[in-house]
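Note sheet for the following structure.
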Amino acid sequence: MKISLKQGTILVCVGTSSSGKTTRLQALLEQHELTAAHIVSADACRLLVAGTTAEQTLVAPDHAHIQAERYHQISHAAFRLMHTLIETRASLNETTIVDATHLHAQHRKKIIAIAKRFHVPIEALYFDVPLQTLYERDATRAIPRGKARLSAQWEQLQLQRPLLAKEGFGAVHVLTDDTLHITIEPPRNRIALGNGLDIIGDIHGCYDEFIALITKLGYQQHDGLYTHPKGRKLVSVGDIMSRGPHSIRTMQFWHKHIEAGLAYMTDSNHGYKIARWLSGNAVKLHHGDECVEAEFVRYEQQHGAKQTAALKQQLALMLHDAPSHYIVEQSGLPVAVVTHAGIYDRFIGKQSKRIADFCRYGDVQGEDERGKPIRGAWYEQHATLPLIIWGHEPKLQPFYAQNTVNIDQGVVFGGQLTAFCLPEKTTVCVAAYKNYAGTDDNPIIEAKEARRTLADDAYFHDTRTITNTLAPIAPVDGTAMFHAHEQLRHAPTKQLFVAPHVCEPPRHPDKHATISDALRYYEKHGVSSFVAIPYETKRRVTLFLAKDTHIAKHIVYEETLGFLTKRSGEVLQADDAIQQLHAELVAKQYFTNFQTDFVVIDAYIHEEMPLRMTIVHILAHSGHVHIDKPHTWHIDMAQFLATNSRYFTAPDAYFFSSSDDVQDVENWLATHHATKQGVVIKPLQIVTQKRQKVLHYALRIPFATHAQTNESFPMRIALEQFLLGIEGLQRFVQHEGITRVYECAVAIHALEHIAQSH
């Protein structure tokens, strides 16, 4: 008998003692078809827990009950261990073969429940051995079970055979001879990163935009196939059809390229329904699926019923064959997951109806008053390293949250079609040629309108957990949120970017902080390259400048060239300076050279009249927050903007490494910046993550003449303010609603209130 198991399957052996379970599995080990890790054995677990298999040997009659009780105690503990091992392996999607008799339904039921809970396949291997053969084998054992025991087991086994098919096993294999071979199929939902992948968002039949996008990505047509000169391949998050004008052409493209080994596609909600319709199932076509039916009516009129039937069968096979998700691997390690509507971490790599439905429809938690699905933020639980790339929910811009990215930008609704490129982690987009879906129930139109609407006061009364792209943040107290909202609600703009506090490093409470304290904090986390920047106590401000007033009206809802805000939300009255700053950037062709519609700058103000400021960071351009750039880039940009500027100055900086003498840094400060109040020590990278922990982006060291021995601003709160500030910027550049941006500023001020109250 040959058995082929999918990755993660639990294979439950069902058979009496002496039926050959252990012998057959041992042979598979010797043939290298299995490894010892695959087999979880009841006897092995007895040995682990008690050092014996607790065989029931012949003893004096008055001691038999003692032996039986001992056997049951050991077996009970052994089976607890066995089930724990099966659970652990199932959670890791490892294939497991369970070597025990399993002669009673209640014992099998526990393992079936494990398989269901961990979404792995489960099958049974039934050892059908004649009773006489059992007697003969038992006679050769060192400790025979005896004919009475074997006969009872065999009779019990005969009762189980008709039950197995009804218990929830995916397959029941009946072994009637001595030949057994088991192979474990390699997972079919793995993709090698190879020379690179371009992952395409929901196309919805917008074939022309799709071809424009892959052409922009560098794909070229040769002999009817689009190939990339560097050997890159295409991956679709599904929903390639429905609503748009060219569903058939789009499906044919993907079928041809999948067959040629040039593309991959995941399952999706529209794909699943169209697959069933193409297969002849009775399904209700709506939400744009009826457009596919209309296309096929026209296709049949042109090509005839026979060719249409063949095409339907071909495309149905492609859609049915699409997995719920793909795992992208590099050097055998998972670096990304591609799915349609999302996936929980515990589902990755596994397969079940529950997982398939979740990946098709997302975290649906009910319906609203319009009958629309209420979707949960499934991505908030994502805590593992692979980046999850998904679609399904149209967003105005690529949406980043908790190491996931949504790339459905609603091309069929008049938005854009997005490609996410790996390993570069960049996006490429083309705008829709038109709105193919109309204005009713159009999520892109609704999202644009919703961006302008600020939530009512009640929204800010509750304790809030604000997800962010870098690390978890503790819930922010509702009372503090409300106080912060009261402070900010009258700010002229709700598009606030609030800079975090720069706190002092951990130190002895009775001593002032030193540069060595800062380096000690960073070096214990493996950071070795730094920059030192002198500081004075100046007002921190954020400058927003737009390419023109038309763009500003689209982004911040007012016709302005820009504005300057304090941490309090107050907008500085500096219209003349804003106009002249804008003129400086235009003269330097800033918006053209950096291909951006706006810039957000973090700075310190030296003087208000006339305005003078030192640039700290270039925070953001269109679609991108520059936390991925090193401080060398930010200082170079500051120097570029400060050249021949009436308003900008660049910071003085000293770059050094952990191997350099700290005294060199102190000498540089004493020689050039003795009049300043202190120095800020920063890692070369703005965001430094170690084991999913984000380090402080900067630590402040007051000079001795300005030092205080009382405790500085709490490090935890300063770090959470930093994460919230970045999150607010991410939401802004992704064109999220005003409430989503504003709540980050409110949370930063709420944390300030909490810190001060303690």
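If the condition is being modelled with pLDDT of 95 or more and closer than 17 Å to GLU94 by Cα, then the range 317-332 contributes only ILE327. Just to be sure before I move on: is THR418 surrounded by fewer than 19 Cβ atoms within 10 Å (Cβ to Cβ) and either aliphatic (A, V, I, L, M) or outside any helix (DSSP H, G or I) (or both) in the structure I sent? So THR418 fails the test. Scanning the range 196-245 for residues that are of a type in the set (Asp, Glu) and under 18 Å from THR339 (Cα atoms) turns up ASP198, ASP202, ASP239.
Every condition in (1) over 25 Å from GLU449 (Cα atoms); (2) modelled with pLDDT under 95 holds for GLY562 except the one numbered (1). Can you go through GLU295, GLU329 and tell me which one is under 19 Å from GLY205 (Cβ atoms) and of a type outside the set (Ser, Thr, Tyr)? The conditions single out GLU295. Here is the figure for the range 120-136: residues that are buried (at least 18 other Cβ atoms within 10 Å of the Cβ) and not acidic (Asp, Glu) total 9. Is there a residue being within 19 Å of GLU446 (Cα to Cα), at pLDDT 95 or above and either crowded, with 21+ Cβ neighbours inside 10 Å or among the small types (Gly, Ala, Ser) (or both) anywhere in the range 371-391? Yes, the range 371-391 contains a residue that is within 19 Å of GLU446 (Cα to Cα), at pLDDT 95 or above and either crowded, with 21+ Cβ neighbours inside 10 Å or among the small types (Gly, Ala, Ser) (or both). Taking the criterion of being under 26 Å from the mean Cα position of the chain (by Cα), within 24 Å of TYR207 (Cβ to Cβ) and not in a strand (DSSP E or B), the residues of the range 421-446 that qualify are PRO443, ILE444. Consider the range 165-203 and keep the residues that are outside any strand (DSSP E or B) and touching an Asp or Glu at 6+ places or on another chain (Cβ under 6 Å). The one that is surrounded by the most Cβ atoms within 10 Å (Cβ to Cβ) is ASP202. Which one is nearest to LEU197 (Cα to Cα), of the residues in the range 298-331 that are in contact with a strand residue (DSSP E or B) (Cβ under 8 Å, 6 or more places away or on another chain) and hydroxyl-bearing (Ser, Thr, Tyr)? Per the stated criteria, the residue is TYR326.
State whether one or more residues within the range 598-605 are in contact with a Phe, Trp or Tyr (Cβ under 6 Å, 6 or more places away or on another chain) and free of Cβ contacts under 8 Å to residues at least 40 places away in the same chain. No: zero hits.
One residue alone among VAL364, VAL335 is at pLDDT 95 or above and either at negative phi or assigned by TED's automatic domain parsing to the domain that holds THR426 (or both), and that residue is VAL335.
The values are calculated or read from the model by the stated rules, or taken from the named source; none is laboratory data. Worth saying up front: this structure is predicted, and the values here are computed from it rather than measured. Cβ coordinates were reconstructed from backbone atoms using ideal geometry, including for glycine residues, and neighbour counts include every protein chain displayed.
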